[in-house]
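As structure tokens, the structure follows; a few thoughts come after it.
The values are calculated or read from the model by the stated rules, or taken from the named source; none is laboratory data. Just so we're clear, the structure is a prediction, and the values are computed from it rather than from any experiment. Backbone-built Cβ (ideal geometry, glycine too); neighbour counts: all protein chains shown. Surface areas here come from the heavy atoms of the whole protein model, side chains and all, with no ligands, DNA or RNA. Shrake-Rupley method; radii C 1.70, N 1.55, O 1.52, S 1.80 Å.
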Amino acid sequence: MSILIKIAWRNIWRNPRRSWVLITALAVAVFSFLGSVAYIDGFSIQMIDSAINLQGGHIQVSGRGYHKNPTIRTYVPDVARVERIIAENDAIRYALQTTTPGMINSAEQASGVVITGVDPVREVEVSSVAESIIEGSYLAPEGEANEVVMGAMLAEQLNVLLGEKVVLMANDLDNEVGAGAYRIVGLYRTNSSDFDKTNVYLHLNQARNLIGYTAEQASTVTLRLDPGLDPVETAIHLQTTLDAADLEILTWHERSPLLVMMNEMMNLANIFLVIILFTAIAFTLINSFIMVIFERIREIGIMSANGVRPGQVRLMLYLEAVFIVLLGTAVGGAIAVVLITWWSAVGLDLSAFAEGLSSFGAASVLYPYIHWGHILNGFVMIFVLVLLAVLYPAVKASRFETVDAINHV
Amino acid sequence: MTKLLKLAWRDIWRNRRRSLLTMGAIIFAVIIISLTNSVQYGTYDAMEELVVRLYTSDLQVHRTGFQDERTLSYSMEESEQDWASYFDEYPWIEAVSKRLTGFGLASSDSSSAGALIVGIEPETEGSVSSFANAPFEGRALVAEDRQAVLLGATLAHNLNVGVGDSVVVLTQGYRNVMGADLYAVKGLVRTSNPDVDRAMMIMPLADAQYLFSMEGRFTEVVIRGHDFRGADSYAAVLQAALGEEQYEVLPWREMMPEIQQMRALDDAGNYIFYIFLVLLIGFEIFNTTTMSMMERVREFGVMMSIGMKPRQISLLVTLELMLKVVLALAIGFLITFVAVSILKDNPIPVTGELQELYEEWGFTIEGISFSARIVIFFFPMLAVTTVSLLSMIYPILRMRRFSPVQALRTT
Amino acid sequence: MSDHSIESRSASLATDGPKPIDGQAPLVEATRLVKIYQDKEHVPVTALNEVDFRAAPGEFTAIAGPSGSGKTTLLNLIGGLDKPTSGSVVVAGQDLAAMSRNQLATFRLNNLGFIFQAYNLIPVLTAEENAEFNLLLQGVPAHERHEQVVREFEDLGIDKELIHRRPAKLSGGQQQRVAIARALVSRPKLILADEPTANLDSKTGARLLDKMRNLNERTGITFLFSTHDPMVMERARRLVILRDGQIAEDDVRG
Ligand SMILES: Nc1ncnc2c1ncn2[C@@H]1O[C@H](COP(=O)(O)OP(=O)(O)O)[C@@H](O)[C@H]1O
Ligand SMILES: [Mg+2]
């Protein structure tokens, strides 16, 4: 066995140019595979982050049916009880929201928006909107003044500036249209222009006034879990402890099934990529290894005469292929890791495609991400594909008739 | 030369397996690239057509500045032009319809939601777009309708109303006049665009003008041309005729930059992938050519000693490769062409979750479509030929250094 | 396989030299061997025609005859490298026809040693690694391997400084010695050598053959070699002459 490893390794260097071409080809394929995985995983992470940070945390508690049909008539009753139970777990941060569709009006323009009432002190723990303020500040904790925070893009669209007033209108629980004037205290900008154009924030007290909720009512309770706490298990646990038939407890996976599916689809695309690139390489590998076995036909005969079994001849060629793949993977992988690390530090600027990307809910600056699980899967496939390619030459070599091989010079 | 060609042809088949593998690699790459291109062109072409037909139509005329601001102060007036006959002189204009669009808050007995109100001319809208034509419940609007609306399916669901119910709409109209009115729901529309379904409230133009206090005014003139791909040039002609001061004329491409950008982003990704793939083919060609040359050193030595010049031998080797490349390209194209000719008329349907996903992205598609346009072959042809020629440089340079004596000494 | 048992067995044989074929279990027993090849035009060529051949343990036998008389064919059939068209080959009590490719390989590894005319060695291995190749396959531990190879090299007069060279850096005679070392070092029952001196000058060839005969006498390992070199035939203790695929003469000498 060890002698076969020795022979396989040394055989690589008998025709270094040929081997280096193979190694380079493999390195190129490994590099493009890693680049693509990092790019796609960067996308996924970003979209999952935005689903968690902007749109409801790891887990969201609401009235039953709210997710399918978000109206103010579906709310969390006796929210104090819900808060008390959630607060029992120190590893969960949470905040209450009220949410209603409404209309925003400036002096010249109107637009449909989602009006969310938040408790500014708690909200910063579950949402990244406060961190995304680019002008002005977040809502004051007291909630006494009529203040609103909105996306910078929406302000631009409405032609209003920080400090100016806008009118918000929404139906209240009695189906009366409520309206109020609010001063813009902060403008934010997130990754997603769609999000920015449709979400405005009031203090919880102000929003409750607008839609006629009491202090015992809220649309949603958004939960953010410390790392190490599994969303699915936590959701199941809450289901039993809250024990309320009129509540809905959804993890981000359940709220964004399309995101989950999109991830699966992109991973599938990566698998196709690996298969295509390595099929292309297979042609080179097969050709090179056929040449290799015909060049070495005599020594294979000598080995066979000396008692090397056919399986060992195959093994020797597989080992040679594995060494070449390992070298190619090392070279391509090293270059890829350096480049991806650099990329993920500076970000990949895709702003030329900004509107297109935001229709996916993706940002225009992408940070590639190395997901070791996906990379490992790819490598396993690469090895399988390479060994399949070498199968034909290896089997052929092991079937040489010993006499013919020895007579061959 | 023909003798050389004959010799080259024979040499290809002397090592049949090797030649076939090299050609196989090229054919494989060509098929992958052309097919990807075919899907890319086919699907985006079909999608663009559907999206254009759905709402924006080929081009629109607005008051200059409307596209960026989208406020009612950028409206146009009936009396500005003889709109009815203005477009008659352009034979490529097939249909024209006017719209007034603005925002409102729609409320039912139980709920309220923001709505995009689109006032249309029921007689003509159907010939420029499709979104208001075919309600899946109820009926389309007719010219005589007053205080009647069609609702997007999701909007109706959110408002908890159906055909026969009524909704109240509240707006802040032109010059800040508040408007409110009651409308009967005549039909529900479902498009393949969730944004439309979530927000759309369609009413007769006259109703919209009344609601926004904008009698005789509208915000968009929607134009359908002969071929939506020519929209850019149509727009340029109309823009020149109407002048930039007063009017902006926008082709669909500029009204929906996201589709163009998605296409460009997709293309960028594809081309990076193509380049890597072709590079790998280049390695295959380089390796086999160089190895064959090394194996044939003696043979070349013999050729040289009977008077063949190194240049002719280089030419012979290049001919051999180019014959293989051309043959492989031809086979690859033929296979792809047959495949896409069949697939072209039979888009692969996209159903279930995948369809939802596309719709969520705002991609209106019927399925994965294939294009048989000749452009799908340009890149593979160019790239494979270039890479083959490039990979010949090293072997040919080596060849130059051969001398017959040296060549014959090597075994 | 334990080195011990072979040594003791060979030692007992070595004292009394070759035995007459009769009255002893033969090491090689080839019966009515026929080998018919197809040449390039698919014309059948009879390389061996009903050959009966036996060899006893400890023999030092040359198979001679003109080129094309069937020497290589006979040796290949005995070595299990090729299958006869008809007839049977039994070596060390084992019928080769009944064995699979894997079994044959293992059989060769444990019972036979081969020396071919030239290019016997694996190019990427050094002289030492080539010599210990069979021991490596048998899984003999490193220190034992090294000891045995060094002893064999000394015996064959292979210079110490050659042991780390690859075959390309060795002369033809040196290469053949390394090949002999490889064949011997695992102490097989039978060594088959197809024209081992054909590529060497006559002086080197003669020295090599003396070495082989010497080894045969010391270890009792059976040697079967083909040749058409009279100088080689002289040194054999039994001379079998093939002509047109048949045994023309079989001459046992002292
Ligand atoms: N593989 C083969 N195919 C066809 N004919 C062969 C083959 N090997 C040997 N022969 C023929 O068989 C005969 C005996 O060959 P061989 O055993 O090599 O003789 P020797 O070793 O005595 O020179 C010769 O006529 C030779 O041409
Ligand atoms: Mg012979």
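Overview of values
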{"read-out": "Antiparallel content of DSSP bridges confined to the protein assembly as shown, in %, to 5", "value": "75"}
{"read-out": "Residue-level accessible surface for C:His228, protein heavy atoms, 1.4 Å, Å²", "value": "100"}
{"read-out": "Rounded accessible area of A:His67 (nearest 10 Å², 1.4 Å probe)", "value": "80"}
{"read-out": "Protection proxy ranking of C:64-70, B:84-90, B:202-208, A:10-16 - average other beta-carbon atoms within 10 Å, highest first", "value": "B:202-208, C:64-70, A:10-16, B:84-90"}
{"read-out": "Most to least accessible of A:Val28, A:Val200, A:Val337 (protein chains only, probe 1.4 Å)", "value": "A:Val337, A:Val28, A:Val200"}
{"read-out": "Under Karplus coefficients 6.51, -1.76 and 1.60, residue-wise ³J(HN,Hα) of segment B:68-78 in Hz, glycine/proline x", "value": "7, 9, 6, 10, 5, 6, 9, 9, 10, 10, 4"}
{"read-out": "Global geometry of chain B, whether rounded, prolate or oblate, following the gyration tensor of its Cα atoms and the 1.5 cut on a/c", "value": "prolate"}
{"read-out": "³J(HN,Hα) computed for each position of segment C:197-213 - Karplus, 6.51 cos²θ - 1.76 cosθ + 1.60, integer Hz, glycine/proline x", "value": "10, 4, 8, 10, 5, 5, 5, 4, x, 5, 4, 5, 5, 4, 4, 5, 5"}
{"read-out": "Average beta carbon contacts from partner chains per residue of B:21-29, 10 Å cutoff", "value": "4"}
{"read-out": "Chain B: relative contact order in percent, alpha carbon pairs under 8 Å with at least 6 residues between", "value": "26"}
{"read-out": "Helix-only [θ]222 nm of chain B, DSSP H runs n ≥ 4, -39500 (n - 2.57) each, per residue, nearest 500", "value": "-17500 deg cm²/dmol"}
{"read-out": "Label-point separation, B:Glu353 to B:Val338 (7 Å along Cα→Cβ), nm", "value": "3.6"}
{"read-out": "Choice from A:Leu187, A:Leu387, A:Leu376 with maximal GNM fluctuation in chain A (Cα, 10 Å cutoff)", "value": "A:Leu376"}
{"read-out": "Label-point separation, B:Ala206 to A:Leu268 (7 Å along Cα→Cβ), nm", "value": "5.2"}
{"read-out": "DSSP-defined beta bridges in chain C - what % are antiparallel, rounded to 5", "value": "55"}
{"read-out": "Order of exposure, largest accessible area first, which applies to B:Trp252, A:Trp343 with probe 1.4 Å", "value": "A:Trp343, B:Trp252"}
{"read-out": "For chain A, accessible area per residue (1.4 Å probe, heavy atoms of protein chains only), Å²", "value": "39"}
{"read-out": "Given C:Lys189/C:Lys211; B:Lys309/C:Lys169; B:Lys6/B:Lys309, the pairs whose alpha carbons are separated by over 28 Å", "value": "B:Lys309/C:Lys169"}
{"read-out": "Centroid-to-centroid separation of segment A:320-347 and segment C:31-65 [C-alpha atoms, Å]", "value": "58"}
{"read-out": "Relative contact order of chain A, pairs being alpha-carbon contacts under 8 Å that are 6 or more residues apart, as %", "value": "27"}
{"read-out": "Rounded accessible area of C:Arg253 (nearest 10 Å², 1.4 Å probe)", "value": "90"}
{"read-out": "Shape category assigned to segment B:178-236 from the gyration tensor of Cα positions, a/c cut at 1.5", "value": "oblate"}
{"read-out": "FRET efficiency, 1/(1 + (r/R0)^6) with R0 56 Å, evaluated for B:Thr2 and B:Leu54 via beta carbons", "value": "0.45"}
{"read-out": "Sites A:Ser351 and A:His371 - FRET efficiency at Förster radius 30 Å, r taken between beta-carbons, to 0.05", "value": "0.75"}
{"read-out": "Normalised contact order of segment B:65-245, rounded percent, pairs of Cα under 8 Å and 6 or more residues apart", "value": "30"}
{"read-out": "DSSP-defined antiparallel bridges as percent of all bridges, segment B:65-245, nearest 5", "value": "75"}
{"read-out": "For segment B:97-191: accessible area per residue (Å², 1.4 Å)", "value": "37"}
{"read-out": "Three-way shape label, segment A:260-358, alpha-carbon gyration tensor, a/c 1.5", "value": "prolate"}
{"read-out": "Helix-only CD estimate at 222 nm, as mean residue ellipticity for chain C, using -39500 (n - 2.57) per DSSP H run (n ≥ 4)", "value": "-11500 deg cm²/dmol"}
{"read-out": "Anchor B:Lys344: lysines whose Cα lies under 22 Å away (excluding residues fewer than 8 positions away in-chain)", "value": "none"}
{"read-out": "Buried area at the A-C interface (accessible, heavy atoms, 1.4 Å probe, summed, Å²)", "value": "2400"}
{"read-out": "Placed amide H near B:Tyr247: partners under 5 Å, 5+ positions off or other chain", "value": "B:Thr64"}
{"read-out": "Value of [θ]222 nm, deg cm²/dmol, for chain A, DSSP H segments ≥ 4, -39500 (n - 2.57) each, nearest 500", "value": "-18000 deg cm²/dmol"}
